[in-house]
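Have a look at the structure below, then the notes.
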């Protein structure tokens, strides 16, 4: 067994010790949860889920970090506005926001491409239990509508946003563990700090799929939504001090301290 594999196994062992309450705290600390959850009761589930998906589809090439430059401005755009009565009205409401974003023409096009689709119309009428049962089918259809691979970052992130909408609505019984991790700069940063692969997106995804499989062997409660939320948050700064402070904030206990040491002092830690 190589040193990097031993490092990965230790990481899996420690993640499996993280309390369930910490995993839930990690999820509700995501910017897309913090900024959007208040809209669920106003919109009702179907329209809210549609909103979350389209916002996830356009969460790329931002003006700054998503937790400051993307989700709070979306919230500000929606606050005080009447609830949209159709996907087309939602597109009209969001278009001025995306017209001011980087890659604005592409994002406006993606906004309308999804919201004019039959998938958006069906999701708009969806109920949590029904959408949970169709989760993988929705993932496949979303990739087809957007003409992208199912594993592409914006597709899997949009599905993560749909999964968060389901959890907000109290629906947990859907196969979110099947999601691929959305490979971005932060995911790569933590992968490298742990001594994982630094090559293709496929190799990075395979690394985190293996981590999730290992954690779920001990704690099947953990899904890719939990794991991706942890990775994205902790990888903002992978110094041992910063990781330790984050793990304390998430109340991860001794496992968190050991994770901080592993990441910060690992083969590529800082």
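Nothing in this text is a laboratory measurement; each read-out follows from the coordinates by a stated rule. For clarity, every value in this text was computed on a predicted model and none was experimentally measured. Glycine also receives a Cβ, built like all others from the backbone with ideal geometry; neighbour counts cover every protein chain displayed.
Key figures
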read-out: Selection from the range 124-162 of residues that are more than 24 Å from residue 31 (Cβ to Cβ), free of Cβ contacts under 8 Å to residues at least 12 places away in the same chain and either in a helix (DSSP H, G or I) or within 18 Å of the chain's Cα centre (by Cα) (or both); value: 130, 137, 140, 144, 149
read-out: The one condition in (1) more than 16 Å from the chain's Cα centre (by Cα); (2) assigned to a helix (DSSP H, G or I); (3) farther than 20 Å from residue 23 by Cβ that residue 195 fails to fulfil; value: (2)
read-out: Which listed residue, of 143, 120, 158, 91, is crowded, with 16+ Cβ neighbours inside 10 Å and under 16 Å from residue 44 (Cβ atoms); value: 120
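Conditions (1) surrounded by fewer than 16 Cβ atoms within 10 Å (Cβ to Cβ); (2) within 18 Å of residue 230 (Cα to Cα), marked per residue:
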{"site": "132", "(1), (2)": "no, no"}
{"site": "147", "(1), (2)": "yes, no"}
{"site": "188", "(1), (2)": "no, yes"}
{"site": "192", "(1), (2)": "no, yes"}
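The rows are residues; the columns are (1) surrounded by fewer than 20 Cβ atoms within 10 Å (Cβ to Cβ); (2) under 30 Å from residue 130 (Cβ atoms).
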position: 213; (1), (2): yes, yes
position: 234; (1), (2): no, no
position: 245; (1), (2): yes, no
position: 258; (1), (2): yes, no
